[in-house]
Amino acid sequence: MNPERTPTLLVVDDHPEHRQALAKVFERAGYRVRIAGDGKEALTILTDRPFDLIITDLRMPRMDGLELLRSIRAMSPHVAVVVVTAFGEWTTYLNAMDCGAVDYLNKPVRREDILLVARKALARRGIPAPAAPPAGSEGPEGAAA
């Protein structure tokens with residue numbers, strides 16, 4: 001593993017403001033980020049190149065997050081997938097984890113929480129997260145999505 005390699009991340013969310021906010025958080029933290037508006041678009045992107053981590057919304061048109069997660073597991077069983085949702089219910093959490101999600105967060109997601117989850121998910125695969133940016137360069141504290 002090249003220690004200089006920047007981790008790659010795909011953010012999948014049908015709400016443009018949510019995916020842009022998450023993308024900005026990860027870009028500022030040093031990740032290379034691509035975005036997709038739904039599960040079908042994400043699968044198209046995934047056929048072109050692999051990612052180290054995928055952050056996906058749960059409820060989306062055309063293909064929801066669980067269906068996307070199942071498809072990702074069939075294509076790339078080792079990629080880390082984190083599910084984020086505004087509709088967090090216990091059964092949904094269990095379904096996501098049973099389908100292979102490495103973590104599950106409820107919206108709104110705090111910047112610190114999503115970055116910690118991403119760092120842990122990558123660490124399980126032996127991929128170092130980018131070095132933390134200089135103090136004060138991340139902007140104001142608050143919710144990412």
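Would you be able to say whether some residue in segment 75-83 is within 24 Å of A129 (Cβ to Cβ), in a helix (DSSP H, G or I) and not hydrophobic (A, V, I, L, M, F, W, C)? Within segment 75-83, not a single residue is within 24 Å of A129 (Cβ to Cβ), in a helix (DSSP H, G or I) and not hydrophobic (A, V, I, L, M, F, W, C). Let me spell it out: the conditions are (1) of a type outside the set (D, E, K, R); (2) more than 17 Å from V25 (Cα to Cα); (3) part of a loop (DSSP other than H, G, I, E, B), and P108 meets all of them except one. Which number is the exception? Failed condition: (2).
Once segment 24-52 is narrowed to residues that are in a strand (DSSP E or B) and of a type outside the set (K, R), the residue that is surrounded by the fewest Cβ atoms within 10 Å (Cβ to Cβ) is I35. Scanning segment 53-69 finds one or more residues that are of a type in the set (S, T, N, Q) and buried (at least 22 other Cβ atoms within 10 Å of the Cβ).
For segment 103-122, taking the residues that are of a type in the set (A, V, I, L, M, F, W, C) and at pLDDT below 95, the one that is nearest to H18 (Cα to Cα) is identified as V109. Can we say I55 is in contact (Cβ under 8 Å) with a residue 60 or more places away in the chain and either in a strand (DSSP E or B) or more than 11 Å from the chain's Cα centre (by Cα) (or both)? So I55 passes the test. Taking segment 76-104 as the range and being of a type in the set (A, V, I, L, M, F, W, C) and surrounded by fewer than 15 Cβ atoms within 10 Å (Cβ to Cβ) as the test, the residues that pass are A86, F87, W90, L94, M97. No other residue among R111, R73 is buried (at least 20 other Cβ atoms within 10 Å of the Cβ) and either more than 15 Å from the chain's Cα centre (by Cα) or not aliphatic (A, V, I, L, M) (or both) apart from R111.
In segment 10-29, the residues that are touching a residue at least 24 places away in the same chain (Cβ under 8 Å) reach residues that are surrounded by 23 or more Cβ atoms within 10 Å (Cβ to Cβ) and among the polar types (S, T, N, Q) with C-beta atoms within less than 9 angstrom, at least six apart or across chains, in these pairs: L10/T56; V11/T56; V12/T56; D13/T56.
The values are calculated or read from the model by the stated rules, or taken from the named source; none is laboratory data. Everything quoted here is computed from the prediction, not taken from an experiment. Because the Cβ atoms are built from the backbone with ideal geometry, glycine has one as well, and the counts that use them run over all protein chains shown.
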